Amino acid sequence: MNSGSGLDIDAIPLALYVHFPWCERKCPYCDFNSHEQFKPAEQSDYIDALLNDLKQQLGSLYQRPLHSIFLGGGTPSLFSGDSIERLLDAIDKRWGIGRDVEVTMEANPGSAEADRFRSYRNAGVNRLSLGIQSFANRHLKALGRIHDRDQAIRAIEAARLNFDRINLDIMHGLSGQTTADALDDLAMAVDRAEGHISWYQLTIERNTAFWSKPPSLPGDDSLADIQDAGEAYLRQSGFDQYEVSAWARPGQQSRHNLNYWTFGDYLGIGAGAHGKITRPGGEVIRTQRSRLPKDYMAAIADNKPPLQQVIPGDQLPVEFMLNALRLRAGVNEQLYRARTGLDATGIAGIRSELVSEGLLSDAPDRLAVTPLGFRFLNDVVARFMSP
Ligand SMILES: C[S@@+](CC[C@H](N)C(=O)[O-])C[C@H]1O[C@@H](n2cnc3c(N)ncnc32)[C@H](O)[C@@H]1O
Ligand code: SF4
């Protein structure tokens, strides 16, 4: 469908994000929408709420094919295989989950959850993302994780028995961590990961326990050493950095995350879930659900729509760049118009300034940062803000 703005809405992929807002224990560094006191007996009510949420937000959007599904959290793996199966079956009936739709689920390597991996696969999950963080017990303890090194290794083995596509989340820049420690973690992950590693530098976020009582972190020089050595090691191990923190072997990139980074659309269901939808008129809206599980359940019971906010047209360039320039290879220039409906002449001035400063690639058909631009990504993106 061609909108008034010249946008072909049907050419914009539409994915589904499902949020699970509980964790066994809140990690002191984490500012994701996750809460303690999960009650297994209430999981069925939550699945009902998710399905009502989907029904309400999907409307006529079901006519656009479903691109990918991401079950994220929080800890979705607190839910039983039966619950996940009920959810995915209902999504399939309402929207249709095609054969090659990527269905990722985040899981915590606590042993109770690892036992469930087979049932998740049988329910239709085809990619598992494991929050390993580190293989060193002292770091796992300092990060407040509920699992130790052995449980992490066992969870990966259980995951490999059931899934061809696995991601391991690993963190670095941890308190007392040396470059050798960080490389040990990566070596374990490389040996065991099928094809994808998300390698995050620990950041101290507001509203976390680490914010009120910060651990002592490695200094800037040590952090730069860890970063350089880790990147070199991942590269020589056959992993390609396709995004700031995402590393993949060939063919193993996360399709769902690529849709965010290429400014695709997604519905967000569940407590605190965000969505982004391009309307037929060309307007781009962001949606958000209430963060607290009880407020979310009440809103769904009252049939309330999510909060909606239109992204003003003059903010679209920076919103697009905030995502697309995270990709190491950037994007084809035509994608800018295909996703925002805006003509690239509007950003030509700032683009040529950034090219002359050596921050953006000079390839005429690409929007991509140079290696220098990658180091100063936030500054580069900020230059696309409207005055
Ligand atoms: C939503 S969590 C999901 C996974 C699952 N709940 C778990 O922790 O096992 C996604 C990932 O973000 C990363 N992460 C969370 N907070 C972070 C922080 N403050 N700094 C760096 N990475 C962080 C962790 O690697 C985590 O596994
Ligand atoms: S890092 Fe994962 S397990 Fe820890 S609180 Fe955040 S979402 Fe929960």
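Some observations on this one:
So that you can scan it fast, the table gives a plain yes or no per residue for (1) outside the structural domain of residue 126 (by TED's automatic domain parsing); (2) within 12 Å of ligand 1 (Cβ to nearest atom); (3) open to solvent by 20 Å² or more (accessible area, probe 1.4 Å); (4) part of a helix (DSSP H, G or I):
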position: 33; (1), (2), (3), (4): no, yes, no, no
position: 54; (1), (2), (3), (4): no, no, no, yes
position: 62; (1), (2), (3), (4): no, no, yes, yes
position: 67; (1), (2), (3), (4): no, no, yes, no
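- Failed condition for residue 67, given (1) in contact (Cβ under 8 Å) with a residue 60 or more places away in the chain; (2) within 16 Å of ligand 2 (Cβ to nearest atom): (2)
- The combined condition, being over 22 Å from the mean Cα position of the chain (by Cα), at pLDDT 95 or above and under 23 Å from residue 129 (Cα atoms), is fulfilled by residue 89.
- Against the numbered list (1) out of contact with any Leu (no Cβ under 6 Å at 6 or more places or on another chain); (2) buried (at least 18 other Cβ atoms within 10 Å of the Cβ); (3) over 20 Å from residue 363 (Cα atoms), residue 275 comes up short only at (1).
- Given (1) of a type in the set (Ser, Thr, Tyr); (2) under 14 Å from residue 278 (Cα atoms); (3) within 16 Å of ligand 2 (Cβ to nearest atom), index of the condition residue 34 fails: (2)
- None of 144, 124 is within 13 Å of ligand 2 (Cβ to nearest atom) and open to solvent by less than 60 Å² (accessible area, probe 1.4 Å) except 144.
- Test: residue in the stretch 204-215 that is buried (at least 16 other Cβ atoms within 10 Å of the Cβ), within 16 Å of ligand 1 (Cβ to nearest atom) and closer than 26 Å to residue 250 by Cα: no
- Checking each residue in the stretch 216-230 for being surrounded by 12 or more Cβ atoms within 10 Å (Cβ to Cβ) and outside any helix (DSSP H, G or I) picks out 217, 218.
- Residue 343, sole failed condition from (1) of a type in the set (Asp, Glu); (2) at pLDDT 95 or above; (3) under 26 Å from residue 13 (Cα atoms): (2)
The values are calculated or read from the model by the stated rules, or taken from the named source; none is laboratory data. All figures in this text were calculated on a predicted structure; none of them were measured in a lab. Glycine gets a Cβ as well: all are built from the backbone with ideal geometry, and neighbour counts include every protein chain shown. Ligands, DNA and RNA are stripped out before the accessible areas are found, and what is left, the full protein with its side chains, is counted by its heavy atoms. Shrake-Rupley method; radii C 1.70, N 1.55, O 1.52, S 1.80 Å.
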